[in-house]
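See structure below.
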Amino acid sequence: MKKLTDYTLFADAQKHCTPERLWDLFDGDRASFNIAHECVDRHAAGDKIAVVVAHADGSEEVISFRNLSRMSSRFAHLLAARGIRRGDRVAVMLEPSLAFYAAIFGAIKAGAIVVPLFTLFGPDGIRLRVEDCRPKILITNAEKAQVSAGTDGVEVLIADEGLAAALSAFPDRYQVSTAADDDAIFQYTSGTTRELPAAVRHKQRALVTLMLAALYGTGIRPGDRFFCPSSPAWGHGLWHGTLAPLALGVTIGAYSGRFDAARLLKALQRGRFNNISAAATHFRMMRNCGAADQYRYYLEKLSYTGEPMDGETEDFVKKTFGCPVCSMYGTTEIGVILVNYPGAQDFQVRHGSLGKPIPGGRVEVQDPEGRPCPPGVVGELKLWRGGAWVATKDLGRVDGDGYFYHAGRADDVIISAGWTMSAVEIEDAVLKHPDVQEAAAIGVADALRGQVVKAFVVARREGSEAFTREIQELVRSRLSQHEYPRHVVFVADLPKTPAGKVHRKLLRDREQPTANA
């Protein structure tokens, strides 16, 4: 019988995809299942490459499935020798590297719960998460070990030559014995260091459901060479960029260190990667770096997530890489629910669309009373799960053909003089100006209109009244006469969440004292 990976068409996805056939992609079953075995050990025969790490300094690190299997097994034995038991938390704060992947999969083999932590967290960010998840061990580098010092009850293990030497004393095979319903990963969503989002708890069997995003959100199939530059400390980089492709035996590319768009473009050429999934911000940085025409690309499938992609960047991506620009929408809490089926020749990708639901998924745009909105009307995106509608806290609309479109977060709506406006649509219009590199729009208090739009702009040229008027007229001409930023502020950069999204909430919070003055 064919497997789901043998099908590429949209029609076949609707016809053949079932929960049982997702399980058929794995060795394990509902009783016995281990993510590390599925992603690493079962692919360890031969010399197949698992990971190619593109380091910011220009070097590359090539890791085979066989070597990763051995090192992660040794790591599992080391953790057991240090008293780590099933259900204990193991925090890992490392850039992509052999040490990172060995620690992640070694902990999962041992039945521990992995907690990935972002390497750019400062003391407050580390402390809040460590106090919340209470790991027994924190694995990091020497620099971060100093930042992490003083965390009560946590052993800090430095990934250095000494650790490598210690690992060599342990066996290079480990017999896994976890159940599908055992906890495997605690994943924190992005946020500021002073705001602690709840950790989303993933079980071993979460890898099975993840295949919906892998097959239909990123279009991964065996034989692909897949690159994801997002940090594996966050959901997209870990689940979509690491676990899903490795589970299918696919070679992945990862980025380590301070992000440089030109370095990524070089890695895409050198590794002949045919599939990429990244944040919209990554593609925008590729456009702005000015180096895209210096390299040759082999991409056949391309997807993005995290936030909407502006029109100028979408046009750049189509022209540069020559393949459809496929959005993938979901959240860390609910997973991916809307996709564009990359690689499906019978699926039309529509400009600006989030796509259609995953096979078997049910998504609606609803009004505040929970009623379905007619086509073209903005409401809240909701997912049917477990016999009830689950709110995504995002706004959207659906067209007459069942394609969904994003309209911003529910708290990104701006209401001015009775008019409802979308921060996302205003930002997209501002970004049409050739001298604008980044933009963020929020609503600020106004005595007459209740709220007016304020735009924060990163530009190639110096801000001025004339430049402000150009932006305002551009937005008015593209949207409507009332829908434009009455205030424009030129800034050197925009605040971002650790995952790279524009942090509109922080902008709103900064404006609050002004509004109350």
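Where a number appears in this text, it was derived from the coordinates with a stated rule and is not lab data. Treat the numbers as computed from the prediction; the structure is a model and nothing was measured. Please note: Cβ atoms are built from the backbone with ideal geometry, for glycine as well, and neighbour counts cover all protein chains shown.
Points worth noting:
- Working note: Karplus 6.51/-1.76/1.60 with θ = phi - 60° gives the stretch 226-239 the couplings 10, 10, 9, x, 5, 5, x, 6, 10, x, 5, x, 7, 7 Hz, where Gly and Pro are set to x.
- Of all aspartates and glutamates in the structure, those lying under 14 Å Cα to Cα from Lys15, and not within fewer than 8 positions of it along the same chain, are Asp6, Asp346.
- Per-residue [θ]222 nm for the chain (sum of -39500 (n - 2.57) over DSSP H runs n ≥ 4, rounded to 500): -8500 deg cm²/dmol
- With the simple model of a label 7 Å out from the Cα in the direction of the Cβ, Ala11 to Asp181 spans 4.1 nm.
- Cα-centred dipole magnitude for the stretch 248-331, charges only on beta-carbon of K, R (+1) and D, E (-1), debye, nearest 20: 400
- Acute angle (nearest 10 degrees) that the helix 98-109 long axis makes with the longest principal axis of the chain, alpha-carbon atoms: 70
- Tilt relative to the chain, helix 261-270 - C-alpha long axis, 0 to 90 degrees, to 10: 50
- Here the extension length gained between Glu60 and Asp47 equals 3.0 nm, from 0.36 nm per residue of separation less the Cα-Cα distance.
- Multiplying the residue separation of Met1 and Cys289 by 0.36 nm and removing their Cα-Cα distance gives an extension gain of 99.0 nm.
- Label zone at Asp401, where the point sits 7 Å out along the Cα-to-Cβ direction: the stretch 1-45 residues whose backbone N lies under 16 Å: 10-11
- Relative protection proxy for 375-388, 269-282, from highest mean packing down: 269-282, 375-388 (other beta-carbon atoms within 10 angstrom).
- Set of aspartates and glutamates with alpha-carbon distance to Lys136 below 17 Å, sequence-local pairs under 8 removed: Asp88, Asp152, Glu155, Asp183
- Counting only DSSP beta bridges whose two residues both lie in the chain, roughly 55 percent are antiparallel.
- Helix 123-133 axis, angle to the chain major axis (alpha carbon atoms, nearest 10°): 60
- Placing pseudo-labels 7 Å out from each Cα toward the beta carbon at Asp509 and Leu448 gives an inter-label distance of 3.2 nm.
- One chain, two ends: Asp132 and Gln366. Fully extended at 0.36 nm per residue, the span grows by 80.8 nm beyond their Cα-Cα distance.
- The loop-placed trypsin sites (Lys or Arg not before Pro) in the stretch 110-184, going by DSSP, that have at most 16 neighbouring Cβ atoms within 10 Å of their Cβ come out as Arg173.
- Hits among lysines - C-alpha to C-alpha of Lys454 under 28 Å, sequence gap 8 or more where chains match: Lys393, Lys432, Lys496, Lys501, Lys505
- Label sites at Glu333 and Trp23, each approximated as a point 7 angstrom past Cα along Cα to Cβ, lie 2.9 nm apart.
- The stretch 65-165: GluC sites (Glu not before Pro) in DSSP loop, at most 15 other beta carbons within 10 Å: none
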